[in-house]
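These notes are about the structure you will find just below.
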Amino acid sequence: MENFNPTPLLQLLRQHLPGLQFERITPILSGWDSWVLELDEQWIFRFPRRPEVAAAMKKEVRLLGFLDGRLPVPVPRITHQACQVESGALLFCGYPRIGGEGLDAAGADEPGLGRQIGAFLTNLHQTQLPEDLQLDFPRITAQEWRDEYLDEYHWAQQQVFPRLPESARQAARSTWLAYLDQPACFEFQPVFIHGDLGPEHLLYDPTSDVLEGVIDWQDARWGDQALDFVGLYWLAGWPLVQRVLQHYTLPAGSNLRQRVEFLHWVVPFHSIKFGLLTNDQQYIESGVELICAALEIPNP
């Protein structure tokens, strides 16, 4: 985990929430978009790292207020937030800590969790947003989803392909085009998705195998339901996805596996983009290594 100094964050909390009492401070996550602090194992506070993240988090807070109680699994119930007076930009948000720990390989083997995740995704993907949230989370078409990934492909051609070994470039190009040029990959009906359903965002109790909550909704949007299965695939492969699909009651398309596997393969490209954004060579090198490994091509 990346180290960071929590002192400025605590100063923000004390400035805006002078009555908040706590004794123990634990940095629990230094993610791509937010600094996160746990206070006395009771509170979670998230602090956006960049202006665009602050804007997305502000929408997330409004979304969570709507989703709270509408899904079969708890979501963060935001009880504290503060914004800059001049700009209205969100400085932080906080909520009572949800119990459990991130889904791991042991939990992935539990049939009961497959049932709970399947029920959760079924409910989430049927969500219809009220009018006041539709501007924050506009609907898209499958063609617009393809256009987004076409833009990602053009970016990858310029920023990623030159960093790949020569032998990997054609293989990477073929993998992208096999997805973009296949109409069946874009015949889905867009649904409302979490957008970043990694195992660390699925919190469960390993003693009871109960799904305790789903966190980090900053990337929620309309799109291909396949994206919400990518984290499960990353954790335990297609068998875990299949166990969840046994309890997922919405149409998913005959080529769901192809879509999941492609979206899984694209994840290292996101790592490289983040590395370029933050000038962090470690993310760039890791992304290149993962792409080459997926293509089964040595990276010199």
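The values are calculated or read from the model by the stated rules, or taken from the named source; none is laboratory data. For clarity, every value in this text was computed on a predicted model and none was experimentally measured. All Cβ positions, glycine included, derive from the backbone under ideal geometry; neighbour counts span all protein chains shown. Please note that ligands, DNA and RNA were not included when accessible areas were found on the heavy atoms of the full protein model with its side chains. Shrake-Rupley method; radii C 1.70, N 1.55, O 1.52, S 1.80 Å.
Overview of values
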{"quantity": "Convex hull projection area averaged over all views, the chain, Cα basis, nm²", "calculated": "16.7"}
{"quantity": "Principal-axis tilt of helix 256-278 within the chain, Cα atoms, nearest 10 degrees", "calculated": "60"}
{"quantity": "Amide hydrogen neighbours beyond the local backbone of GLU212, cut-off 5 Å, H modeled", "calculated": "LEU203, TYR204, ASP205"}
{"quantity": "When the range 82-173 is reduced to its Cα atoms, the Kirkwood hydrodynamic radius in Å", "calculated": "18.9"}
{"quantity": "Solvent-accessible area of ASP147 with every protein chain in place, 1.4 Å probe, in Å² to the nearest 10", "calculated": "60"}
{"quantity": "Size of electric dipole in the chain: Cβ of Lys, Arg +1 and of Asp, Glu -1, about Cα centre, debye, nearest 20", "calculated": "360"}
{"quantity": "For the range 165-281, convex hull of alpha carbons as volume per residue, Å³", "calculated": "148"}
{"quantity": "Loop-resident sites, the range 20-62, for trypsin sites (Lys or Arg not before Pro), counting at most 13 other Cβ within 10 Å (DSSP)", "calculated": "ARG24"}
{"quantity": "Pairwise Cα inverse-distance average, inverted: Kirkwood Rh of the range 51-129 (Å)", "calculated": "14.8"}
{"quantity": "Within the range 41-85: Cβ-based charge dipole about Cα centre, in debye rounded to nearest 20 (Lys, Arg +1; Asp, Glu -1)", "calculated": "160"}
{"quantity": "Accessible-area value, HIS16, 1.4 Å probe, nucleic acids and ligands omitted, Å²", "calculated": "60"}
{"quantity": "Sequence ranges 272-280, 214-222, 238-246, ranked by mean other-Cβ count within 10 angstrom, highest first", "calculated": "214-222, 238-246, 272-280"}
{"quantity": "Between the range 254-291 and the range 15-72, the Cα center-to-center distance that results, in Å", "calculated": "26"}
{"quantity": "Per principal axis, descending, Cα span of the range 23-96 in whole Å", "calculated": "36, 31, 23"}
